[in-house]
Amino acid sequence: MENIDKKQKNTILFETAWEVCNQVGGIYTVIRTKVPAMVEKWGEGYYLLGPYFPQRALSEFEPIEELDDTAAGRTVAAMREMGYGVHYGYWLVTGKPRVILFDVMSSMDRLDEIKFRLWEEQRISTINTEDLVNQTIVFGEMLRVYLTEFAAENAKKADIAVQFHEWMSSSGLPGLRQANVKIAITFTTHATMLGRYLAQNVEGFYNKLPFFDWEHEARHYGIVTQAAFERQAAQNAHVLTTVSDVTARECEVFLGRIPDLVTPNGLNVMRFQAVHEFQNLHLKYKEKIHEFVLGHFFPSYSFDLDNTLYLFTSGRYEFSNKGYDLTLEALARLNWRLIQTGSEMTVVMFIITKQPYFSINPDVLHSRAVLDELHETTTAIEKQVGEKLFLATAAGTDHKMPDLNQFVDEYWRLRLRRTIQSWKTDELPAFVTHDLKQEDGITDFCRKANLVNNERDRVKIVYHPDFVSSTNPLFGLDYGQFVRGCHLGVFPSYYEPWGYTPLECVVRGVPTVTSDLSGFGDYIMQIMRDYENRGIYVINRKTQNYSQAADQMADILFKFVKMNRRDRIMQRNRVENISDVFDWTNLRSYYDTAHDLAVKRKKP
């Protein structure tokens, strides 16, 4: 034990990504949720490096005004003397780690000089790159300078390890190796650039994977610079890791190196002491979703909310990569089957993604507003009737139930009638809640399949082309609360290097559908035998064609709809019970192994 403690004192870990203090996508979640587990292990020897954007920093960054006399603080001071804009402070997330942020915009005047050196030393072409790529180039250079300065002062006293995430932080990585800077470098790719492009554009991507020429494809999609940064970072790191075995196959083809390790993603899992607590939250947030459904569907027709299940899918809009196409196909088949069997169950499917829109559909907003007015009116009538019924009963001489209608004022009767009249409609409930700037794959499919919320349909669609937040006028829930209120998360992705969305369901006790082509689904199949019994359904997309996969998914959904309430509650308990498997305190060990290996390989 003493040796471990001694080793920790003499090791410093920097973790760097474009998404440190800068929420753009999934890597922000990876790093932010991993911080508490990293601080627990590394303590004062752990630092994060990221870009500085003033607006983002306002809410996430607390500066240290007086630079402390630590190695990190002295290096910040040295860089400032060189004319770089560098900020030093704390990242305001759980664990409150120290963070160094680099003001990319303050050094854009050095861009041409950096690009020239990248060509001279790495033969990486950066001609006509877009603004975002230019920013990452400057960021990579500022990281290189910082780490070089830090190592020059401290490499003899400590083992210095650096964890790079993705190409966006890594343009300076090869330069560190070429200059033989004394740091142990781990590079993690969370999704290859080429994989993301090819999977959504080339049918049968995985079968064709071994035959792609990375350079030819990078030129074709106009991403030569990004792909070259990624490839060079992978080849120059002491250790290469990726998030799943699925993505490891891509690394071999596109990055020219087989990863040394797989480092799966976790979450900072907060378990409740009492089992019933998360079930109570499900009921609480389901009621809020009931409110939306009442306002959205009941002006046109009604159905039994006690026999209604809420399914959802979410993520960035990649129609085939994220499996939206397969989800809709399976729902159309499920709808037909439920109608054929005369099922009394209703399935409401929420599709939550981000697409350009003009505004929320005025009819949808109006219907929701009138529902609120209806609620106010009925509450007022209830109060009035209650008071008068009490008085009449107390003063009455017989034991008969009075006629309640006589207790309602003419004003409230009229108001109730008018509210109902303005609420009810002959139109079908909208299947998309916003006015989209243009039709897309989801709306096209719904129209062609006639999955447009007809009254006889047992599957209803609510396509919400914006992320859910507590300020949203339709739901009034944040995303985590919305997930808890649903019965099943559906994510049968075709291209998904890891997959946080099904994992977010698991830790909230919500059963989920994933696929064996997602890193999460692949990992579940490796570590667990009875995953389906525990509420994780894995669609076989490796060996089945599209129609077979849609049939498998329709079967799974049909069985889920037929389950009784008691079985669904038991399944939610079982899925919540396995969430500890994905806590960073357990999964951090994969990164620990990678960093130890990098330190060993760095030593001569």
Here the qualifying pairs (Cβ atoms under 6 Å; residues six or more apart or on different chains; first in the range 528-546 and under 27 Å from residue 204 (Cα atoms) and not assigned by TED's automatic domain parsing to the domain that holds residue 515; second surrounded by 24 or more Cβ atoms within 10 Å (Cβ to Cβ) and polar (S, T, N, Q)) come out as none
- Task: Determine whether residue 566 is farther than 25 Å from residue 446 by Cβ, more than 16 Å from the chain's Cα centre (by Cα), assigned by TED's automatic domain parsing to the domain that holds residue 321 and free of Cβ contacts under 8 Å to residues at least 60 places away in the same chain.
- Result: yes
Per the filter on the range 120-145, residues over 18 Å from residue 175 (Cα atoms) and either at pLDDT 95 or above or part of a loop (DSSP other than H, G, I, E, B) (or both) are 127, 128, 129, 130
In the range 421-448, anything in a loop (DSSP other than H, G, I, E, B), closer than 21 Å to residue 315 by Cβ and touching a residue at least 12 places away in the same chain (Cβ under 8 Å) is listed as 431, 433, 437, 438, 440
Counting only residues in the range 488-532 that are at pLDDT below 95 and of a type in the set (Phe, Trp, Tyr), the one nearest to residue 562 (Cα to Cα) is identified as 531
The condition of being modelled with pLDDT under 95, farther than 18 Å from residue 564 by Cα and among the charged types (D, E, K, R) holds, among 318, 329, only for 318
Out of curiosity, is residue 482 of a type in the set (Phe, Trp, Tyr) and surrounded by 24 or more Cβ atoms within 10 Å (Cβ to Cβ)?
yes
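Counting just the residues of the range 46-97 that are among the small types (Gly, Ala, Ser) and assigned to a helix (DSSP H, G or I), which one comes out surrounded by the fewest Cβ atoms within 10 Å (Cβ to Cβ)? Explain how you work it out, then say what you get.
Initial filter on the range 46-97 (among the small types (Gly, Ala, Ser)): 50, 57, 59, 71-73, 77-78, 83, 85, 89, 95.
Filter once more, so that each one left must be assigned to a helix (DSSP H, G or I): 57, 59, 71-73, 77-78.
Values: 57: 22, 59: 9, 71: 17, 72: 22, 73: 16, 77: 14, 78: 17.
The extreme case among them is 59.
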Within the range 210-266, residues being free of Cβ contacts under 8 Å to residues at least 40 places away in the same chain and of a type in the set (Asp, Glu) number 4
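Out of everything in the range 152-195 that is assigned to a loop (DSSP other than H, G, I, E, B) and basic (Lys, Arg), what residue ends up being surrounded by the most Cβ atoms within 10 Å (Cβ to Cβ)? Let's see the steps before the verdict.
Step one: filter the range 152-195 for residues assigned to a loop (DSSP other than H, G, I, E, B), giving 155-158, 166, 170-172, 179-183, 190-192.
So of that shortlist, the ones also basic (Lys, Arg) come out as 156-157, 182.
Details: 156: 8, 157: 10, 182: 18.
Ranking the candidates gives 182 first.
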Within the range 287-318, residues closer than 24 Å to residue 503 by Cα and surrounded by fewer than 17 Cβ atoms within 10 Å (Cβ to Cβ) come out as 287, 288, 316, 317
Query raised in the report: Would it be correct to say that residue 439 is over 24 Å from residue 298 (Cα atoms), acidic (Asp, Glu) and surrounded by fewer than 13 Cβ atoms within 10 Å (Cβ to Cβ)?
Result: yes
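To keep it simple, each residue is scored yes or no on (1) in the same structural domain as residue 332 (by TED's automatic domain parsing); (2) touching a helix residue (DSSP H, G or I) at 6+ places or on another chain (Cβ under 9 Å).
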{"position": "412", "(1), (2)": "no, yes"}
{"position": "415", "(1), (2)": "no, yes"}
{"position": "434", "(1), (2)": "yes, yes"}
{"position": "437", "(1), (2)": "yes, no"}
{"position": "443", "(1), (2)": "yes, no"}
{"position": "451", "(1), (2)": "yes, yes"}
Filtering the range 53-92 down to residues that are modelled with pLDDT under 90 and among the β-branched types (Val, Ile, Thr) yields 64, 70
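Taking into account only those residues within the range 319-345 that are of a type in the set (Ser, Thr, Tyr) and surrounded by 22 or more Cβ atoms within 10 Å (Cβ to Cβ), which is farthest from residue 498 (Cα to Cα)?
So in the range 319-345, the residues of a type in the set (Ser, Thr, Tyr) come out as 320, 324, 327, 341, 343.
Retained after the next criterion (residues that are surrounded by 22 or more Cβ atoms within 10 Å (Cβ to Cβ)): 324, 327.
On the way: 324: 17, 327: 19 Å.
It comes out as 327.
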Checked pairs for the range 141-152, first farther than 12 Å from residue 78 by Cα and without any contact (Cβ under 8 Å) to a residue 40 or more places away in the chain, second assigned to a helix (DSSP H, G or I) and of a type in the set (A, V, I, L, M, F, W, C), C-beta under 7 Å and 6 or more apart or across chains, list as 141/114; 144/176
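Does residue 33 satisfy the condition of being polar (S, T, N, Q) and buried (at least 19 other Cβ atoms within 10 Å of the Cβ)? Full working, then the answer.
Values: polar (S, T, N, Q): yes; buried (at least 19 other Cβ atoms within 10 Å of the Cβ): yes.
Yes, satisfied.
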Checked the range 211-248 for anything part of a loop (DSSP other than H, G, I, E, B) and of a type in the set (Ser, Thr, Tyr); matches are 221, 244
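The values are calculated or read from the model by the stated rules, or taken from the named source; none is laboratory data. In this text the structure is predicted, and so the values were computed from the model without any measurement. Please note: Cβ atoms are built from the backbone with ideal geometry, for glycine as well, and neighbour counts cover all protein chains shown.
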